[in-house]
Amino acid sequence: MGNTYCVLFGCVEQASVGVVERWGRFEKLAQPGLHFFNPFAGQCLAGFLSTRISSLDVRIETKTKDNVFVQLLCSIQYRVIKENAHDAFYELQNPQEQIQAYVFDVVRAVVPRMNLDELFEQKGEVAKAVSEELEKVMGDYGYSIEHILMVDIIPDASVRSAMNEINAAQRLQLASVYKGEAEKVLLVKKAEAEAEAKYLGGVGVARQRQAITDGLRENILNFSHRVEGTSAKEVMDLILITQYFDTIKDLGNSSKNTTVFIPHGPGHVRDVSDQIRSGMMEAASAQAALTNDEVNINLLH
């Protein structure tokens, strides 16, 4: 392997090893540095071997268990063992072809036992099987296998397209679920907000009416104490008349007012007060009747 150099001296480069022969027979290995030879005694430099790590890329096409054709790109990193460099020099004419043949044999024996998904998940197992086989075989020839890398797994183009469509459909389905959950949460929160707003609005209205009632009660009491000879009914009529005129005033001052026809006169004011008073009395009597019914039911029980 290589050319024979019959010289008096020679230099072996770093990360290389020289093979020295005597009369065509292997004698020794020459380490890096300057060496002297005796060509008259049949000693010569047969050749050199590099001890650097070499890389060999192998592309293999095979079929998986589920009948999918794939291409595997395998990168093999190997080097010459210095102590066994004479075996590497004399035993193999073309180590790259030998390594490639074993890689083809192992990969095409392992991959057909796997599905496509299993191949993607267990490509390290394929690399391990190739490494074990190559180390066992190539070690006898003076080569060391440093690393086996499964660089890429390339399915057929139609298979890749189908896999992408399946993945896209699954992601769309998941997105629809999340979108539905988000809309559900939004509707629930909106309903809760509306319920809370209505509750707070009712509380505000109740407090407003309570304040109005307390104010009216206080005004009636103050007016009755300060003006002698007035009854609560007369004071209530006066307050109703005052509020009636304030309402008419507000309608007239409104910027977006429309024409409103209402009956007006002193007698009408009294009718309004009588209607309000009658409504309050009917509500009070209804409440009293309801209380009596509850009492009777409790007595029956």
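The values are calculated or read from the model by the stated rules, or taken from the named source; none is laboratory data. Just so it is clear, the model here is predicted, and its values are computed rather than measured. FYI the Cβ positions are ideal-geometry reconstructions off the backbone, even for glycines, and counts take in every protein chain you see. For the accessible areas, the whole protein counts, side chains as well, though only heavy atoms, and no ligand, DNA or RNA atoms are used. Shrake-Rupley method; radii C 1.70, N 1.55, O 1.52, S 1.80 Å.
Quickly run through segment 138-189 and pick out the residues that are open to solvent by less than 60 Å² (accessible area, probe 1.4 Å) and assigned to a strand (DSSP E or B).
Answer for segment 138-189, where residues must be open to solvent by less than 60 Å² (accessible area, probe 1.4 Å) and assigned to a strand (DSSP E or B): Tyr143, Ser144, Ile145, Ile148, Met150, Ile153, Ile154, Pro155.
Could you please find all residues in segment 20-46 being open to solvent by less than 50 Å² (accessible area, probe 1.4 Å) and either of a type in the set (Ser, Thr, Tyr) or in contact with an Asp or Glu (Cβ under 9 Å, 6 or more places away or on another chain) (or both)?
Correct list: Val20, Glu21, Leu29, Gly42, Gln43, Cys44, Leu45, Ala46.
Select from segment 123-134 the residues that are exposed (fewer than 15 other Cβ atoms within 10 Å of the Cβ) and of a type outside the set (Gly, Ala, Ser) and write down the one among them that is nearest to Asn94 (Cα to Cα).
Among residues in segment 123-134 that are exposed (fewer than 15 other Cβ atoms within 10 Å of the Cβ) and of a type outside the set (Gly, Ala, Ser), the one nearest to Asn94 (Cα to Cα) is Glu132.
Quick one: which of Glu27, Glu61 is touching a strand residue (DSSP E or B) at 6+ places or on another chain (Cβ under 7 Å) and more than 24 Å from Met138 (Cβ to Cβ)?
Glu27
Which of the residues that make up segment 47-60 are surrounded by 14 or more Cβ atoms within 10 Å (Cβ to Cβ), out of contact with any helix residue (DSSP H, G or I) (no Cβ under 7 Å at 6 or more places or on another chain) and among the hydrophobic types (A, V, I, L, M, F, W, C)?
Phe48
Sort out which residues of segment 61-110 are loosely packed, with under 14 Cβ neighbours inside 10 Å and either closer than 18 Å to His147 by Cβ or not assigned by the TED database to the domain that holds Lys123 (or both), and write them in order of number.
Scanning segment 61-110 gives a single hit, Gln96.
Give Gln14, Gln71 a once-over and let me know the one that is out of contact with any helix residue (DSSP H, G or I) (no Cβ under 6 Å at 6 or more places or on another chain) and closer than 30 Å to Lys123 by Cβ.
On the way: Gln14 fails: closer than 30 Å to Lys123 by Cβ.
That would be Gln71, the only listed residue that is out of contact with any helix residue (DSSP H, G or I) (no Cβ under 6 Å at 6 or more places or on another chain) and closer than 30 Å to Lys123 by Cβ.
Mind checking whether some residue in segment 33-45 is of a type outside the set (Gly, Ala, Ser) and either under 56 Å from the mean Cα position of the chain (by Cα) or under 30 Å from Val159 (Cβ atoms) (or both)? Full working, then the answer.
Initially, segment 33-45 is screened for residues of a type outside the set (Gly, Ala, Ser), giving 34-40, 43-45.
Subsequent filtering for residues that are either under 56 Å from the mean Cα position of the chain (by Cα) or under 30 Å from Val159 (Cβ atoms) (or both) retains none.
No, the conditions are met nowhere in segment 33-45.
It is to be established whether one or more residues within segment 147-165 are farther than 30 Å from Ser75 by Cα and under 26 Å from the mean Cα position of the chain (by Cα).
The answer is yes; a qualifying residue exists.
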